[in-house]
1. So what is the relative contact order for the stretch 2-234, in percent, with contacts set as C-alpha pairs under 8 Å and at least six apart?
2. Give the long-range amide H neighbours of Thr192: residues separated by 5 or more places, or on another chain, with amide H under 5 Å away, using H modelled in the peptide plane at 1.01 Å from N.
3. Do you know the relative contact order of the stretch 45-179, to the nearest whole percent, from alpha carbon pairs under 8 angstrom that are 6+ apart?
Amino acid sequence: MYAATAAIGTVAFFATFIFFLGNLPKISSPWLVPSADKGPAVTPLLALVLNAMLLALFSLQHSLMARPFFKRLVCRVIPQPLERATYVHAANLAGFLLIALWQPVPIVIWNIRNELLEPFVWTAFGLGWLLLFAAAFSMNILELLGLRQAWRWYRGRTPLPLTLSTSWLYRYLEHPMYVGVILGFWMTPHMTLGHAALATQLTLYIAVAVGYERRDLRQRFGSDYECWCKGTPHRSLPAGAPAWAPIIAPELSRLYKPVTLQPLPPRMRLLLDRL
């Protein structure tokens, strides 16, 4: 139940955040007030300072709780399989706090009303969020939300090791989730100073966070991560392997690891690795 409520909260947050950023369903009369661009305005300087503090809290939660040392601290208080769900709960709380306390700065930077360009911008906005969700599913969304870990713990099963996502979108983009969310921040036909400040601060946060994430992945996955970064397969294929082997071999390797509860015999592991 703990992990399930975290997952439901994430769905609710992203639905709300998309309406918040897009001023949906109409820019002139959004359902959420304040939205990123619309709502009662305070002094612009005061609004920018308050919003920067909210964004700093949002960014700090996402970055600090993702670090290995913080995860170890959390696991001293709660069972390790619930650590990810705890992160998700905290992220939802920080996100809803940002939306609830946001102060719009309705100084218009651009307002696109061109019949060709405006639909293009809205399409890019929608594609950004679709890219984010597609990347979450290709990464294993049940694991990302902490549902898989919590379910196995509830059933009394040993936790499965985390695996490096190198399939689907991750075969072509290093960080498809980040690409998608940046499109969601910036692709709007109606951009105000407050919205631009949000997009700028969160984009800078992502640029900094990528470096820490790469370091953590390198420490966790070692040569697997290095080979993926270089775009080269970690395991060589046997001579005479069919042309489709490089396509299905990474998927087979990814799929057999999570379901292996006991160490494989050396000969079987060698055969699987050669695939």
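1. 27 percent
2. Residues meeting the criterion, in which the H sits 1.01 Å from N, are Ile109.
3. Answer for the stretch 45-179 is 29 percent.
Bear in mind these aren't lab numbers, they're just calculated from the coordinates by the rules spelled out. These numbers come from a predicted model, not from an experiment.
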